[in-house]
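Single-structure report; data block below.
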Amino acid sequence: MARLDMPRVDSTRKAKAGRPLPKPEPKSASGAEPGTGPGTESGAEPLPVPEPEPIAARTTAGTEAGTGSAPGTGATAGTGAAAAAGTGAAATAAATAPAAKVPGPRPAPPWEQLWFGTTWAAAGAVDRLRALPGATRSAALGPAEALLRRLAGTGPSGAGSRLFLTPFGMVPVVAGADQVRSLFDRWQSEGLDGAAYAVDHLGRRRPLPSCPPILLDPRDLSEEIEAAAAAEADWLIGERNGDGNVPWSAWREAADRLARHAVLGRRAALDTVLGEILAHTEATDGSAMDSEAAVTRRIAEHLTIEVDGCAAARLAKDGLDRDEVAAAVRHLLTASTRGFAELLVTATALDALGHDGTLPGAEAEAAVAETVRLWPPLPMTLHRSDTEFVWEGRGYEAGTEVLVLAGAAARDGAAFADPGVFRPGTAARDGVDAVLPAPFCGGMADCAASGLAMALAAAMVRALRVAAEPRVTAPAPLRSAVLDGLDPHGIRVAFTDYADGPYHGYGIAHLDGSVRSLVAAGAGAQRYAEVAATGAERLMAFAEQLRESAAGPTFTAPGRATLRAALLEHAQRCEAAANDARRCAVLVAGR
């Protein structure tokens, strides 16, 4: 241990006014000053260097009232050697006394463990039921979700600092709105950082990238967003079936294309390869990191050309270099496309019910915010702290993982009145911004990606209502009392053209995947020709995109010859199919 020596007091100095000189200490039998020995230059009393204090018990035991040690010296401010000698023993004893340790988290009582385990199993069963065919799912999903709501309602609103047994081990579980705010504020104020994961009831985890600092206000892109949303709304309504319903695949395609357009420009909106790569970033099989690297390479290709009217252009004008822009664009794309199609379908359906009087009506922004509160894109996240911390009077070691139930927190009865009821304005007052700062990326602070996704959804809801009249056809009847069990994948929205508005046409594919005659729906041979010609144009455009991808640096690098050949071969097949569709259109049209 290092030794700090106190200078010896010179008895020949004159005493200062009002302060007597200390008496010299007697010498030892060897004639040496006390404390003098080999390796010391003076007769100072060695003072031990204090040991590091334990976690969170940052006490000041051993510190003398009204005094403090001057840095680099052994003297106590405002006292002499005699005063230090008189109090040194007590101070040393207090400093060496064991500091009070903050207790760690405790396991939850058995009845709460039973409640949590039963609810978790019921939620897992509900997730599995959503993968069943439509009729079977509808018959079993209602009772299962009713049981889940009853179990969740009988348990505590927030688990707090208690430990629960989960597929991720015995971890603290946070399920209350106030507790989520408290935990996030604590970590933010102390600068705690660690890995975050999106998790599900089956015990799978998917890493979530950290939020880079992005200074982007969606209002600066309002004109571009409104124009892109209007174009996508016209396309989406044109994809409806003969009964007016829009298939789920069309919703997803329009939502992903709108996000790519707003973030990276029109050329990226047409890049279906980028869309497929982004879809793989949500994988839970360990390939997410490889997909993120592929997204980075694909983004770099788009940033080599000048982009305008998008978030990337705004960030470049703010002085960010290309690597910083690429990192921000990657985060905006991955976060804004996460659950965006589900948000768009649900918000459109609830907005339609608000306009026909079934549910409370509101502006598109409020409807989208309330939808995000009730169905957060990341209902469960797992956060790990790389450093020790104290929260709610409990100490947590470094590496502790905390399970945050964002979906339960947003429906906490202690924070919201009628938390399961769709009531626009709830989220704006107490919900999304307060409970979940970044609902699309799981961050603990406000994130531009979440704001951009909600702005895109609101613009799309407005554009759809302007283009045609939306009408919810499934599930029926849809009322506020059943919103807890609402599955976005089970929602069907039909659109009816306004009498004085444009005709958007119909597609061929129907809800059951079959191809039915459109003649009965009022369409004739000319309509078949239009559909065939449109399909030919899309196939040709897709073939051109495949050739552009094959010519890019991603597939011209060494070792990618096989992939490049596969892309070019697929482009030839698309071009051949487009030519066949074009010839069919000419024959059907009689030209």
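The values are calculated or read from the model by the stated rules, or taken from the named source; none is laboratory data. Please read these numbers as outputs of a predicted model, since none were measured by experiment. A quick note on method: Cβ atoms are made from the backbone with ideal geometry, for glycine too, and the neighbour counts reach across all protein chains shown. With ligands, DNA and RNA removed, areas are computed over all heavy atoms of the protein, side chains included. Shrake-Rupley method; radii C 1.70, N 1.55, O 1.52, S 1.80 Å.
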Once amide H atoms are built 1.01 Å from N in the peptide plane, which residues 5 or more positions from L208, or in another chain, come under 5 Å H to H? A196, Y197, A198
Judged on accessible area alone, 1.4 Å probe, highest first, E292, E253, E537 line up as E537, E253, E292
Where region 293-381 is the region considered: accessible area per residue in Å², 1.4 Å probe: 35
Using each residue's phi in region 120-128, evaluate 6.51 cos²θ - 1.76 cosθ + 1.60 at θ = phi - 60° and report the 3J(HN,Hα) Karplus result to the nearest Hz, with x for Gly and Pro. 5, 5, 5, 5, x, 5, 5, 4, 5
For R492, distant residues with modelled amide H under 5 Å away: T473, A474
Can you tally the net charge around W235? Count Lys and Arg as +1, Asp and Glu as -1, for every other residue whose Cβ sits under 12 Å from the Cβ of W235. -1
Once amide H atoms are placed 1.01 Å from N in the peptide plane, what residues at a sequence separation of 5 or more from L359, or on another chain, have their amide H within under 5 Å of its amide H? G354
Quick one: which of 553-559, 461-467, 184-190 comes out on top by average Cβ neighbours within 10 Å, and what's the full order, highest first? 461-467, 184-190, 553-559
Taking protein heavy atoms only, a 1.4 Å probe, and rounding to whole percent, the accessible area of region 356-453 owed to carbon and sulfur comes out at 50
Could you sort 308-314, 325-331, 298-304 so that the peptide with the highest average Cβ count within 10 Å comes first and the rest follow in order? 325-331, 308-314, 298-304
What ranking do 335-341, 262-268 get when scored by the average of other Cβ atoms within 10 Å per residue, highest first? 335-341, 262-268
Determine the shape class of region 258-358: with a ≥ b ≥ c the square roots of the Cα gyration tensor eigenvalues, call it rounded for a/c under 1.5, and otherwise prolate if a/b is greater than b/c, oblate otherwise. oblate
